[in-house]
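Asker: Below: one structure in structure tokens.
The values are calculated or read from the model by the stated rules, or taken from the named source; none is laboratory data. Everything numeric in this text was worked out from a predicted model, so none of it was measured. Here Cβ is always computed from backbone atoms with ideal geometry, including for glycine, and neighbour counts include all displayed protein chains. Note: accessible area is taken over every heavy atom of the protein model, side chains too, but ligands, DNA and RNA are not part of it. Shrake-Rupley method; radii C 1.70, N 1.55, O 1.52, S 1.80 Å.
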Amino acid sequence: MASEKHPAAHEGSLDQARHPLLGFTPRSLVVALLLCWIASHWINWTEVIARFSQITESVPPIPAVGMLLLLVLINPLVRRISKRFSLERREIIIVYVFLTVATTVTGCGIGRFFMNTLPVLFYFDTPENNYASLQQHMPTWLVPHDLEVTRRFYEASEGGSVPWGAWAVPLIMWGIFFLAVWLCMLSLSALFNRQWAEREKLTYPLLYLPMECTDGVDGDALIVRFLRNRLVWIGFGIAFLQNVTNIINSYNPAFTCIGRSFDLGGLFTEHPLSALRPMTLHYRPELIGFGYLVTTEIALGVWVFYLLMKLETLATAMAGIEIAGYPFWQERGLGAYVAMCVLLFYVGRQHIGLVLRKAFTGDPSIDDSSEAMSYRVTVFGGLLAFIVLMGWLVAAGMALWLALVYMILVFMVAVVYARIRAEVGVPLIWMYPYYQTYKGIRFFLGSQALRHNDSWQSATIFATLTFMSRGYYSATMGYQVEGYRLARGTGIKQTSMTWVLITALVVGYAISMTGLLRVYYEWGAGGMRQMSDWGQSIATAEYTAVVDYARAAVGPDVPRIIATTSGFVVALALMLLRMTFLRFPLHPLAFCMICSYGELVWGPFFIVWLIKSLVFKLGGMRAYRQLIPMFVGLVLGHYITAGVLYGIFGSFAAEGTRLYSVYFG
């Protein structure tokens, strides 16, 4: 519905024709590195040591939001003292993008998840689980084989000393792996950059916050216009009140709180209605706030698809059909994402054709001078990164066919996740069929297909790479496409944004790995509160499965194959219906979202649909636009209260924050 598009990526933009393009300035790099270093210590304390808040699971990450607000507040003061040391708006945008990427890599779903899977085969080896039979399949350049190094990783070392020599080669080699993965995603982001931003004119709803917060930050006013809007502070106050009452209630249950959800499943206690459980109405501020920027048809589709899938579950229960894991939401999600990715390439085929023609023939009539990367670099750089990635996996012992299928699935899911961020803007880092790119291969082919050259080495490396499927690596591509859109809208050189993204990824990886090793060898990964369960339990389950495969083969999982296939067919049918009927109301992206994380998103989007329907009926587009600052204030209030303020408080009183944990994922 074009009439509902908000001004996030358009009206608040700078006119590039009148403003010279800005590059990656030295002072923006210095500020970004300094703030990234500070954020990394904060992340390690809140997410690893005390673990009372997952501040990197929010979208955008809490450290990036907090630092953005800090710069917005202090930059006008610095400008009044000395314009020489104040930052331009575009430099603040560069710092913000840098932090979104670097802190995401440093966070729990990437750096921490990855690090916790590596030593599992060695530290948790017992005669019962027979992990020793798999240790030989792990090259020494992937993980240290020294049992003392591994023991101190989990149990802490004397004086907190880190055996850097033992970890140097594995960290460098894994660094090459991650760089190749991220460069592949970067090439895909550059490939769709112009198609999504200019040809399809997607709105990128999540960019409303940084665009509005920084509008006028390099002017004469002490406080930017956005923060002077009373509606912003009304929304902020609502979120503040909700969080404060919830925190107080966790320490004093007699105190009435607003809560975070309502359990509707408690209404369905008798069979077959009990099949509708769980059914929870979540009303998280960030989902409602950013959800307000989503088109009504997306909001409608989300709760309608959720209701239909619940009715399907009820129908099977009434028919007496009982299948473990049914209705296989995530499995359907994998099929839907694969179909959606194919459709995105089909829709963008004209632009992609121009990119390929320019890359292979150098056609001078095709202008790529203003792109993030030249089309030749986009195509051949991406292919080179993918070849390096395949070579790395084969050298580690993975079968080439398995490496190809797995990584292609990972990238397909990342493309669709990035599209959801660009078109829908749902602020959930887990908005994809997590775990399914790994499990889907096993469900379709069975265990014997994973045996390669009469060895289980390929399956062992495959199990090690579970973190790629379960962690939120797709999120980095979401920040890449948003970074390019911010650059396009504020007069930052697209090529400079490419270097911002690459530098942030490298810095994020380096800070994450070195910081985590220091924390683990000082505190002991196994002794932290619930620490070793993040990543370790999933890796343990997958390694155990590989050992079991050697004892008894497991065949294809037919019900899950059917579920994945049905997800593909439904998503394809929805897109064809939208192409055929202009006003067909159900969007395939809404179906993808429900399959990925339906239990969490249906409630907020149902609330948003009701609110927007009422607003449009009573006040029209004008009323809708006037209320946008209040809903964005709701997001800001939640992130600042539950993320920044509670996160800072918990850093000084970790023991006192364990009664109330904050999760943004």
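Asker: Say we look at the range 376-405 and pick out the residues that are closer than 30 Å to Gly491 by Cβ and β-branched (Val, Ile, Thr); which of these is surrounded by the most Cβ atoms within 10 Å (Cβ to Cβ)?
Answerer: For the range 376-405, the residue satisfying everything is Thr378.
Asker: Moving to a separate point now. Answer yes or no: is there a residue in the range 424-434 that is among the hydrophobic types (A, V, I, L, M, F, W, C), under 19 Å from Met575 (Cα atoms) and open to solvent by less than 10 Å² (accessible area, probe 1.4 Å).
Answerer: Yes, the range 424-434 has at least one match.
Asker: I've got another one for you. Return the pair list, or none, for Cβ contacts closer than 8 Å from residues in the range 561-585 that are closer than 26 Å to Ile323 by Cα to residues that are open to solvent by less than 50 Å² (accessible area, probe 1.4 Å) and among the basic types (Lys, Arg), at least 6 apart or on different chains.
Answerer: Within 8 Å, the pairs are Ala563/Arg332; Thr564/Arg332; Ser566/Arg332; Gly567/Arg332; Val570/Arg332.
Asker: Another question, then. Working only within the range 335-351, note down all residues that are open to solvent by 10 Å² or more (accessible area, probe 1.4 Å), among the aromatic types (Phe, Trp, Tyr) and touching a helix residue (DSSP H, G or I) at 6+ places or on another chain (Cβ under 7 Å).
Answerer: Phe345
Asker: Follow-up question, since we're still on this one. Being in contact (Cβ under 8 Å) with a residue 24 or more places away in the chain, within 21 Å of Tyr549 (Cα to Cα), part of a loop (DSSP other than H, G, I, E, B) and open to solvent by 10 Å² or more (accessible area, probe 1.4 Å), is that true of even one residue in the range 160-172?
Answerer: Within the range 160-172, not a single residue is in contact (Cβ under 8 Å) with a residue 24 or more places away in the chain, within 21 Å of Tyr549 (Cα to Cα), part of a loop (DSSP other than H, G, I, E, B) and open to solvent by 10 Å² or more (accessible area, probe 1.4 Å).
Asker: Among (1) within 21 Å of Thr296 (Cβ to Cβ); (2) within 28 Å of the chain's Cα centre (by Cα), there is one condition Phe581 misses while meeting the rest; what is its number?
Answerer: Against the list (1) within 21 Å of Thr296 (Cβ to Cβ); (2) within 28 Å of the chain's Cα centre (by Cα), Phe581 comes up short only on (2).
Asker: While we're on this one: Just to be sure I understand the filter: pairs with C-beta atoms under 8 Å, separated by 6 or more residues or on different chains, first member in the range 126-148 and within 14 Å of Ala463 (Cα to Cα) and free of Cβ contacts under 8 Å to residues at least 24 places away in the same chain, second member aliphatic (A, V, I, L, M) and crowded, with 16+ Cβ neighbours inside 10 Å. Which pairs pass?
Answerer: Hits for this filter: Gln135/Leu121.
Asker: Follow-up. Among the listed residues Gly259, Gly289, Gly265, Gly335, which satisfies the condition of being in a helix (DSSP H, G or I), without any contact (Cβ under 8 Å) to a residue 60 or more places away in the chain and either more than 30 Å from Ile562 (Cα to Cα) or touching a Ser or Thr at 6+ places or on another chain (Cβ under 7 Å) (or both)?
Answerer: Just a single option satisfies the conditions, and that option is Gly265.
Asker: Kindly establish whether Gly489 is farther than 18 Å from Pro119 by Cα, part of a helix (DSSP H, G or I) and modelled with pLDDT under 95.
Answerer: yes
Asker: Filter the range 197-235 for residues that are surrounded by 24 or more Cβ atoms within 10 Å (Cβ to Cβ) and among the aromatic types (Phe, Trp, Tyr); which is nearest to Glu482 (Cα to Cα)?
Answerer: Here the answer is Tyr204.
Asker: Please work out if Gly425 is in contact with a Pro (Cβ under 7 Å, 6 or more places away or on another chain) and modelled with pLDDT under 95.
Answerer: yes
Asker: While we're here: For the range 249-264, does any single residue satisfy the condition of being within 23 Å of the chain's Cα centre (by Cα) and among the aliphatic types (A, V, I, L, M)?
Answerer: No, because not a single residue in the range 249-264 is within 23 Å of the chain's Cα centre (by Cα) and among the aliphatic types (A, V, I, L, M).
Asker: Do we find a residue being free of Cβ contacts under 8 Å to residues at least 60 places away in the same chain and open to solvent by 40 Å² or more (accessible area, probe 1.4 Å) anywhere in the range 595-614?
Answerer: yes
Asker: Identify the single condition in (1) under 24 Å from the mean Cα position of the chain (by Cα); (2) within 30 Å of Arg199 (Cα to Cα); (3) open to solvent by 30 Å² or more (accessible area, probe 1.4 Å); (4) of a type in the set (Ser, Thr, Tyr) that Tyr283 does not satisfy, given that it satisfies every other one.
Answerer: Exception for Tyr283: condition (2).
Condition check ((1) modelled with pLDDT of 95 or more; (2) of a type in the set (A, V, I, L, M, F, W, C)) across all residues:
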{"site": "Ala539", "(1), (2)": "no, yes"}
{"site": "Val570", "(1), (2)": "yes, yes"}
{"site": "Met575", "(1), (2)": "no, yes"}
{"site": "Leu582", "(1), (2)": "no, yes"}
{"site": "Pro585", "(1), (2)": "no, no"}
{"site": "Phe591", "(1), (2)": "yes, yes"}
{"site": "Gly620", "(1), (2)": "no, no"}
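Asker: In the list Tyr509, Tyr521, which residue meets the criterion of being of a type outside the set (Asp, Glu) and open to solvent by 10 Å² or more (accessible area, probe 1.4 Å)?
Answerer: Going through Tyr509, Tyr521 in turn, just one is of a type outside the set (Asp, Glu) and open to solvent by 10 Å² or more (accessible area, probe 1.4 Å): Tyr509.
Asker: How many residues are open to solvent by 10 Å² or more (accessible area, probe 1.4 Å) and in contact with a Lys or Arg (Cβ under 9 Å, 6 or more places away or on another chain) if we restrict to the range 475-487?
Answerer: 1
Asker: Is at least one residue of the range 448-458 open to solvent by 10 Å² or more (accessible area, probe 1.4 Å), of a type outside the set (Ser, Thr, Tyr), at pLDDT below 95 and more than 18 Å from Gln136 (Cβ to Cβ)?
Answerer: Checked the range 448-458: at least one residue is open to solvent by 10 Å² or more (accessible area, probe 1.4 Å), of a type outside the set (Ser, Thr, Tyr), at pLDDT below 95 and more than 18 Å from Gln136 (Cβ to Cβ).
Asker: Would the range 131-148 turn up any residue that is over 21 Å from Tyr521 (Cβ atoms), of a type in the set (A, V, I, L, M) and surrounded by fewer than 18 Cβ atoms within 10 Å (Cβ to Cβ)?
Answerer: yes
Asker: How many residues does the range 430-482 hold that are touching a helix residue (DSSP H, G or I) at 6+ places or on another chain (Cβ under 8 Å) and part of a loop (DSSP other than H, G, I, E, B)?
Answerer: So the count comes out to 13.
Asker: Hey, another quick one. Go through the range 314-330 and count every residue that is open to solvent by less than 20 Å² (accessible area, probe 1.4 Å) and part of a helix (DSSP H, G or I).
Answerer: 1
Asker: When both residues are 6+ apart or on different chains and their Cβ atoms are under 9 Å apart, which pairs have a first residue that lies in the range 381-408 and is at positive phi, and a second that is part of a helix (DSSP H, G or I) and open to solvent by less than 10 Å² (accessible area, probe 1.4 Å)?
Answerer: Gly397/Ser458; Gly397/Thr460; Gly397/Ile461
Asker: Here is a further query. Return yes when Phe178 is of a type in the set (Phe, Trp, Tyr), in a helix (DSSP H, G or I), open to solvent by less than 20 Å² (accessible area, probe 1.4 Å) and within 19 Å of Ser512 (Cβ to Cβ) and no when it is not.
Answerer: Answer is yes for this residue.
Asker: Then there is this: Mind listing just one residue for me: the one in the range 238-255 that is in contact with a helix residue (DSSP H, G or I) (Cβ under 9 Å, 6 or more places away or on another chain) and open to solvent by 30 Å² or more (accessible area, probe 1.4 Å) and, of those, modelled with the lowest pLDDT?
Answerer: Tyr251
Asker: Considering only the range 355-375, state which residues are open to solvent by less than 50 Å² (accessible area, probe 1.4 Å), of a type in the set (A, V, I, L, M), out of contact with any Leu (no Cβ under 7 Å at 6 or more places or on another chain) and part of a helix (DSSP H, G or I).
Answerer: Ala359
Matching residues to (1) of a type in the set (Lys, Arg); (2) surrounded by 19 or more Cβ atoms within 10 Å (Cβ to Cβ); (3) at pLDDT below 90; (4) part of a strand (DSSP E or B):
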{"residue": "Gln16", "(1), (2), (3), (4)": "no, no, yes, no"}
{"residue": "Phe24", "(1), (2), (3), (4)": "no, yes, yes, no"}
{"residue": "Val30", "(1), (2), (3), (4)": "no, no, no, no"}
{"residue": "Leu33", "(1), (2), (3), (4)": "no, no, no, no"}
{"residue": "Cys36", "(1), (2), (3), (4)": "no, yes, no, no"}
{"residue": "Ile43", "(1), (2), (3), (4)": "no, yes, no, no"}
{"residue": "Val72", "(1), (2), (3), (4)": "no, yes, no, no"}
{"residue": "Ile92", "(1), (2), (3), (4)": "no, yes, no, no"}
{"residue": "Phe98", "(1), (2), (3), (4)": "no, yes, no, no"}
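Asker: Please go through the range 53-70 and give me each residue that is in contact (Cβ under 8 Å) with a residue 40 or more places away in the chain and either part of a helix (DSSP H, G or I) or more than 16 Å from Phe664 (Cβ to Cβ) (or both), ordered by number.
Answerer: Within the range 53-70, Ile62, Pro63, Val65, Gly66, Leu68, Leu69 qualify.
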